[in-house]
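Inspection log for the structure reproduced underneath, given as C-alpha cells.
Derivation of every value follows stated rules applied to the coordinates shown; laboratory data play no part. The model shown is predicted, which means the values in this text are computed figures rather than measured ones. Positions of Cβ are backbone-derived with ideal geometry, glycine not excepted, and every protein chain shown enters the neighbour counts.
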Amino acid sequence: MIEIHGLTQQFSNGRGIFDVTFEVEKGEVFGFLGPNGAGKSTMIRHLMGYMKPQKGTAIIHGFNTWEQQEKAREKVGYLPGEISFLDGMNGLEFINLMAGMQGLKDKKWQNELIEQLQFDPKTPFRKMSKGMKQKVGIVVTFMHNPEIYILDEPTSGLDPLMQKVFIDLVLEEKAKGKTFIMSSHSFAEIERTCDRAAIIKDGRIVTVKNINDLQYMQRKIYDITLENKNDVERIQASNLIIENTNDNVVRIVVQGDYNELIEELSKFNVINISIVSQSIEDVFMNYYDTKGAEK
Amino acid sequence: MNISLFNQMIKLNMKNFLSFGFGSALYVVLMTSLYPMFAENAEAINELIKIIPETLKNALGFDSLTSYGGFISAEYFGMFFPIILSVFSVMTATQLLAHLVDKGSMAYLLSTKVSRIQIAVTQAIVLISGLLFIVLLTFLGGIVAGEILIDEQISLEFNTFFQINLGGFLLFFVVGGYSFLVSSLCNDEKKSLGIAGALTSIFYGLDMAGKISSELEWLRNITPFSLYNPSEIASGDAEIFIPSLILLGIGLFNYSAAVVVFKLRNLPL
C-alpha cells in the first residue's frame with residue numbers, strides 16, 4: 001500500500017531524512033515514532049508530495065508521491081501536524097470547501113463525525129481552541145472515507161475523552177481494512193492502535209518492530225511510596241533497578257519483566273504507586289543511548 | 001481550475017473586491033463631478049498650466065485638460081487608478097499563494113486529488129476576476145457619471161472610455177501577473193509583498209522618469225506602464241491594438257510561469 005525506498009532529503013542545516021526504507025501493508029496501522037526534529041514530518045511531507053526527494057522514492061497505491069502526487073493523494077486522508085486554516089472562515093465553510101475539493105457528495109458520514117466529536121462547526125476559526133481546530137481537521141481527514149490515513153501527531157491538543165473517541169474512530173476504520181500511518185513523539189499515543197512502529201532517530205530508521213515487542217522493550221519508571229522507611233534499604237538490596245530514592249519514595253526502572261517487581265513489592269507495605277511520564281528517548285533508551293553519553 | 005476552491009476564494013476576497021471596486025468607481029464619479037466647474041474656468045486654468053514646464057505637463061498628462069476625456073484620463077486613469085490597482089494586485093497576488101504557503105494552510109488545499117496546477121490556475125483566475133470586477137465597476141461609474149453630469153458636446157465617447165478601461169485592465173493583468181509569479185516563488189509572505197511592491201514602484205517610476213526627461217525616454221521601454229496611455233487613448237492618438245496584445249502576452253507568460261513554478265518547487269508545508 002505504501003512503499004518507501006531509500007528516501008533521502010537533506011536540508012541546508014544538515015538535518016533531514018536519510019535512506020529511509022519501509023513498507024506498510026493494506027489494513028495495517030503503522031506508527032512513526034521519534035522525538036521532535038527526528039524527521040517524522042519530513043517523511044510525511046514526502047508522502048503528501050510537498051517536496052521532491054533528493055534520492056529514493058515514495059509510492060502510495062502504486063503512484064509516485066512526487067511525480068503523480070495528485071493521484072497518490074486521491075485516496076488519502078491527511079491530518080497535518082500544525083493546523084492552520086484559512087482566515088476569515090468558520091469550521092463548516094472550511095469542511096464544505098474540503099468536501100468540494102475531495103469530490104465528496106454524500107454528507108451523511110460528515111455529519112455523523114461532527115456529532116461524534118461534539119463541536120459546533122459554525123464557530124469562526126479565530127474563536128476556536130486548539131482542540132476544536134483539531135476536531136475540524138479530523139472531520140476533514142475522515143469524511144471522504146479514504147483508504148489510507150496519514151496522521152501527523154493526531155491526538156495532540158485533544159482532551160483525554162476526545163483522544164478516546166479518536167482512538168475508537170481509528171480502530172473502527174482499521175476494522176474496515178483501512179491503512180494508517182501515524183507519527184508521534186509519544187509511545188502511549190500509538191501503542192493502543194498501531195500494529196508496527198518504526199523508531200526514527202536523527203532522520204534514520206533505527207528499527208521497525210511489532211508493537212508487542214516494543215511494549216516489552218520499553219522502560220517504565222515507577223515511583224513507589226513505602227510506608228516504612230526502613231524498607232527502603234531492604235528494597236535497595238534486591239535485584240530491582242533503583243534509579244534513586246527520596247525519603248520513603250523509591251524510583252524503580254522496569255523493562256519487560258514485571259513479575260520480579262510484583263514479587264519484591266509484595267514483601268512490603270506499599271502505600272502508593274505512580275508512573276513517571278517519560279519522553280520517547282527515555283522509553284527506548286537502547287536506541288537513543290547517545291543522549292546519555294552526551295551528558 | 002477547481003470550482004469549490006474558486007467559490008470559497010471569491011467569497012473570502014469579496015470584501016476587498018468590493019471596497020477597491022467601489023472606491024475606484026466613487027473616485028471616477030467624484031472627478032467627473034468636478035469637471036463642469038473646471039471647464040467653466042478653462043481659460044484661467046490653461047493660463048496656469050502654461051507656467052508648468054513642458055516635460056512635467058507630459059508626465060502628468062496636463063496637455064489635454066480642455067476636454068472631459070483628457071481631464072478624466074489624466075486626473076484619474078493616469079494617477080489614482082494605477083495606484084489603487086497596483087496596491088490591489090500586489091496584495092491579492094500575495095494573499096492567494098505566498099500567504100497560504102507561509103501560514104501552512106496550503107497543506108490542506110494540497111491534501112486532496114486537486115493538483116498543484118489546478119490550485120495555481122484557480123488562484124490566478126480569482127486574481128484576474130478581482131481585477132475585472134474592479135475595472136468593471138470603475139467603467140460603470142464613469143459611464144453613469146458622464147451621462148448625468150457632463151454636457152453631450154464635451155462628453156467622452158462610449159468606445160473611447162471603454163478602451164481606456166480595457167487598457168487599464170490589461171496593464172494590471174500584467175502587474176497582477178508578475179506579482180503572482182513572485183508570490184508563487186516565495187515561502188515568506190512579507191518577502192512576496194516586498195518584492196512585488198518594489199517591482200511595481202520601480203516600473204511606475206521608470207515610466208514617470210521617461211515621460212519627464214527626453215534623455216531618459218528609453219527607460220519607458222523596460223516598463224509595462226508605458227504601454228498604457230489613457231490621455232492618448234482619450235485624444236484618439238494612441239495605437240491601441242499592438243500595446244494591448246503585448247500586455248496580454250506578458251501577462252499570460254507571467255501567469256503560466258507562476259503555475260509551472262508552483263508545480264515544480266518544494267513547499268515548506
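Note on chain A: Kirkwood radius taken over Cα pairs, Stokes-Einstein applied at 20 °C and 1.002 mPa s, translational D equal to 101 µm² s⁻¹. Each peptide among A:177-187, A:244-254 gets the average number of other Cβ atoms lying within 10 Å of its residues, and from highest to lowest they stand as A:177-187, A:244-254.
In terms of its alpha-carbon gyration tensor, region A:124-201 comes out oblate; a/c meets the 1.5 threshold, while b/c is at least as large as a/b.
Charge dipole (Cα centre; +1 on Lys/Arg Cβ, -1 on Asp/Glu Cβ; no other charges) of region A:216-270 amounts to roughly 100 debye. Close amide H partners of residue A:241, meaning residues 5 or more places away or on another chain with modelled amide H under 5 Å apart, are A:253. Taking every Cα-Cα distance in region A:1-126 and sorting them into 5 Å bins starting at zero, the pair-distance distribution P(r) comes out as 2, 9, 15, 19, 17, 15, 13, 9, 3, 0 percent.
With one equal scatterer per alpha carbon and no solvent term, the Debye-computed log10 I(q)/I(0) for region B:71-195 at 0.15 1/Å reads -0.72. For region B:185-266, the fraction of alpha-carbon pairs lying more than 22 Å apart is 41 percent, rounded to a whole number. Reducing region A:42-93 and region B:98-151 to their Cα centroids gives an inter-centroid distance of 26 Å.
Cα-based values for region B:1-132, radius of gyration first and Dmax second, are 21.1, 67 Å.
Sequentially through region B:70-78, phi angles give Karplus couplings (6.51, -1.76, 1.60; θ = phi - 60°) of x, 5, 5, 6, 6, 7, 10, 6, x Hz, Gly and Pro residues having no value and appearing as x. Loop-located trypsin sites (Lys or Arg not before Pro) in region A:1-109 (DSSP state not H, G, I, E or B) with no more than 13 neighbouring Cβ atoms inside 10 Å: A:26, A:105, A:107. The GluC sites (Glu not before Pro) found in region B:1-48 include none that occupy coil by DSSP while having at most 16 further C-beta atoms within 10 Å. Counting only Cβ charges, +1 for Lys and Arg and -1 for Asp and Glu, the dipole size of the protein assembly as shown around its Cα centre is about 1040 debye. Peptide B:101-109 has a mean shielding of 6, counted as Cβ atoms of other protein chains within 10 Å of each residue's Cβ. At 37 °C and 0.692 mPa s, what whole-number value in µm²/s does Stokes-Einstein give for the translational diffusion of the protein assembly as shown, with Rh from the Kirkwood sum over Cα pairs? The Stokes-Einstein estimate is 117 µm²/s. Once Lys and Arg get +1 and Asp and Glu get -1 on their Cβ, which of A:110, A:149, A:91 lies farthest toward the positive end of the dipole of region A:85-173? With unit charges placed on the Cβ atoms, the residue in question is A:91. Kirkwood analysis of the Cα pair distances in region B:128-241 returns a hydrodynamic radius of 16.0 Å.
Inter-chain Cβ neighbour count for A:93-105, averaged per residue, equals 5 (cutoff 10 Å, partner chain atoms only).
Please work out the Cα center distance from region A:181-245 to region A:255-283, rounded to the nearest Å. If you average the Cα positions of each part, the centres end up 10 Å apart.
Computed across chain B, the Kirkwood hydrodynamic radius from all distinct Cα-Cα pairs reaches 19.5 Å. Divide the volume of the convex hull around the Cα atoms of region B:170-230 by the residue count and you get 73 Å³ per residue. With the convex hull of its Cα atoms as the shape, region A:167-295 has an orientation-averaged projected area of 9.9 nm². When a/c reaches 1.5 or more, the comparison of a/b and b/c decides; with that in mind, is region A:78-165 rounded, prolate or oblate per its Cα gyration tensor? In terms of gyration-tensor shape, rounded. Partner aspartates and glutamates whose Cα lies under 20 Å from the Cα of residue A:229, excluding those fewer than 8 positions away in the same chain, are identified as A:243, A:247, A:263, A:264. Rounded to the nearest 20, the Cβ-based charge dipole of chain A about its Cα centre (Lys and Arg +1, Asp and Glu -1) stands at 960 debye. For chain B, hydrophobic long helices are taken as DSSP H runs at least 18 Å long by C-alpha position along their axis with mean Kyte-Doolittle hydropathy of -0.5 or more; these are B:3-40, B:81-96, B:116-149, B:158-185, B:189-212, B:241-264.
Which is farthest toward the positive dipole end of chain B among B:269, B:178, B:158, measuring Cα position about the Cα centre, with Cβ charges +1 (Lys, Arg) and -1 (Asp, Glu)? It is B:269, whose Cα lies furthest towards the positive end. I need the Debye-formula profile for region A:89-221: one equal scatterer per C-alpha, no solvent, reported as log10 I(q)/I(0) at q = 0.12, 0.15, 0.17, 0.20 1/Å, two decimals. Each listed q maps to, in turn, -0.53, -0.79, -0.96, -1.21.
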